[in-house]
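K.L.:
The structure's right below; bear with me while I get my questions together.
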Amino acid sequence: MSSQRFSDVFVKVVAGAIRGWLKMSRRKRTVILWGTAAAVIAAAALIVFLRPSPAKEPAVAQATPAATSTPVSTPTATPEPVPTTPPEISLDITLQYGNRNANVTTLQMRLMDLGYLDIDEATDYFGPATKYAIQLFQRQHGLEQDGVAGYDTQMKLYSDEAQDYMLLTGTTGNDVTDLQHQLIDLGYLAAGKATGYYGDATTEAVEAFQRANDISSDGRTGPVTLDRIYSPDAIATPEKRKAIREAANIDEMIAAAESRIGKPYVSGAKGPNSFDCSGLVYYCLKAAGSNRGRYNAAGYAKVSAWTTVKWSELKKGDLMFFWSDTKNKIGHVAIYIGDNTIIDASSSNGKVVKRKCTSNWFRTNFRLGKRPW
């Protein structure tokens with residue numbers, strides 16, 4: 001059918017419907033309108049009733065903001081472990097002899113704080129003193145004693161486990177030798193025991209020193225013991241204190257004798273400007289602090305409180321006594337100053353002299369020596 005014929009038919013149908021509608025009574029048209037409206041409403045209700053209901057979102061999802069949800073993801077690779085060492089140490093900056101930089105300064109300051117390095121102030125140069133200090137630290141902490149501040153050494157050095165410098169039983173080194181010499185000088189260790197090894201004898205000597213100096217007695221040479229043992233306040237053994245006093249007395253006695261060399265010999269004189277042999281001894285003993293009285297040579301030879309010694313046993317400060325055939329008794333006394341040398345007021349020389357006592361007369365007429373201190 002052509003479009004023109006369709007249009008003519010459509011117009012005729014519409015026109016016919018209108019004429020039919022106009023010919024209906026008013027009541028009939030009302031019934032048709034209400035029926036048509038009811039049909040439209042029923043169709044619409046049916047469509048709404050038959051339409052499927054949409055799925056509701058869970059209540060939790062509506063109440064939870066999207067921004068707070070945590071997405072779950074599956075890692076594609078094993079994560080790297082978190083480092084547990086300080087970053088500056090984990091870089092393993094090895095420091096050794098000859099290095100010069102700011103890290104050396106930091107290293108020295110730490111060694112000084114722990115007592116291993118004894119220098120006036122830190123520098124930036126890794127020299128012999130720093131190497132030795134590192135070796136001491138490594139020795140005390142069971143590390144290889146190579147004097148190189150490598151990873152293991154620095155990790156221990158900068159940790160809370162780092163120990164103060166201390167000498168312990170079983171350690172060896174020059175510092176042990178130095179300690180032993182000090183113990184010998186103070187009378188706590190026998191001469192010849194400076195072996196460089198911290199053994200039982202050294203431990204016992206340290207304990208004795210600590211007891212005498214009111215320090216906790218543990219046999220270990222820590223900071224407190226070290227400070228005391230190398231100070232003027234260190235208390236020596238009673239025997240050593242006596243020997244020290246004797247040495248001081250002897251030095252003063254000989255100094256007094258030397259100061260009188262050249263003064264004239266005068267029989268019976270006891271100084272300060274002229275002397276006989278026993279008068280010189282009296283003057284020198286008194287100058288050194290002795291309260292011994294004024295005797296002649298034979299009288300000094302009889303002092304029982306003084307130790308009697310042979311020629312081969314003579315030491316600096318001893319008195320030497322010689323026989324006089326004329327007097328038929330001890331007739332001369334001299335002060336021995338060591339190395340076969342004496343100072344005496346000599347009648348044959350007419351003055352106080354310093355001379356060797358190696359001639360035959362001295363050997364023939366020597367009777368005994370006395371140790372007045």
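Every number here is computed from the coordinates shown, using simple stated rules; none is lab data. Just so we're clear, the structure is a prediction, and the values are computed from it rather than from any experiment. Please note: Cβ atoms are built from the backbone with ideal geometry, for glycine as well, and neighbour counts cover all protein chains shown.
K.L.:
I'd like the FRET efficiency for residue 96 and residue 129, computed as 1/(1 + (r/R0)^6) with the beta carbon distance as r and R0 of 22 Å, rounded to 0.05.
P.N.:
Values: r = 14 Å, r/R0 = 0.63.
In this case the efficiency is close to 0.95.
K.L.:
Quick one: length gained pulling residue 119 to residue 367 fully straight, 0.36 nm per residue minus the C-alpha distance? Please list the in-between numbers first.
P.N.:
On the way: separation 248, 0.36 × 248 = 89.28 nm, distance 5.62 nm.
Here the segment from residue 119 to residue 367 would lengthen by 83.7 nm.
K.L.:
Next question. Once you place label points 7 Å from the Cα toward the Cβ at residue 245 and residue 207, how far apart are they in nm?
P.N.:
Going from the residue 245 label point to the residue 207 one covers 2.9 nm.
K.L.:
How do the peptides 104-114, 286-296, 238-248 rank, highest first, by the average count of neighbouring beta carbon atoms within 10 Å per residue? Could the numbers behind the result be given before it?
P.N.:
Details: 104-114: 18.6, 286-296: 14.8, 238-248: 12.8.
Sorting 104-114, 286-296, 238-248 by mean packing, highest first, produces 104-114, 286-296, 238-248.
K.L.:
Set the Förster radius R0 to 45 Å, insert the Cβ-Cβ distance between residue 145 and residue 307 as r into 1/(1 + (r/R0)^6), and round the FRET efficiency to 0.05.
P.N.:
Values: r = 49 Å, r/R0 = 1.09.
After rounding, the FRET efficiency stands at 0.40.
K.L.:
Based on the Cβ-Cβ distance of residue 177 and residue 230, what FRET efficiency does E = 1/(1 + (r/R0)^6) give at R0 = 22 Å, to the nearest 0.05? If you can, show how the numbers build up before the last one.
P.N.:
Values: r = 14 Å, r/R0 = 0.63.
For residue 177 and residue 230, the calculated efficiency is 0.95.
K.L.:
Subtracting the Cα-Cα distance from 0.36 nm times the residue separation, let me have the gained length for residue 354 to residue 163 in nm, one decimal.
P.N.:
On the way: separation 191, 0.36 × 191 = 68.76 nm, distance 5.76 nm.
In short, 63.0 nm is gained.
K.L.:
Relative contact order for segment 240-371: what percent, with Cα pairs under 8 Å and sequence separation of 6 or more?
P.N.:
Values: 243 pairs, mean separation 35.2, N = 132.
That works out to 27 percent.
K.L.:
Based on the mean of other Cβ atoms within 10 Å per residue, sort peptides 163-170, 325-332 so the most packed one is first. If you can, show how the numbers build up before the last one.
P.N.:
Details: 163-170: 15.6, 325-332: 13.8.
Those peptides, ordered most packed to least, come out 163-170, 325-332.
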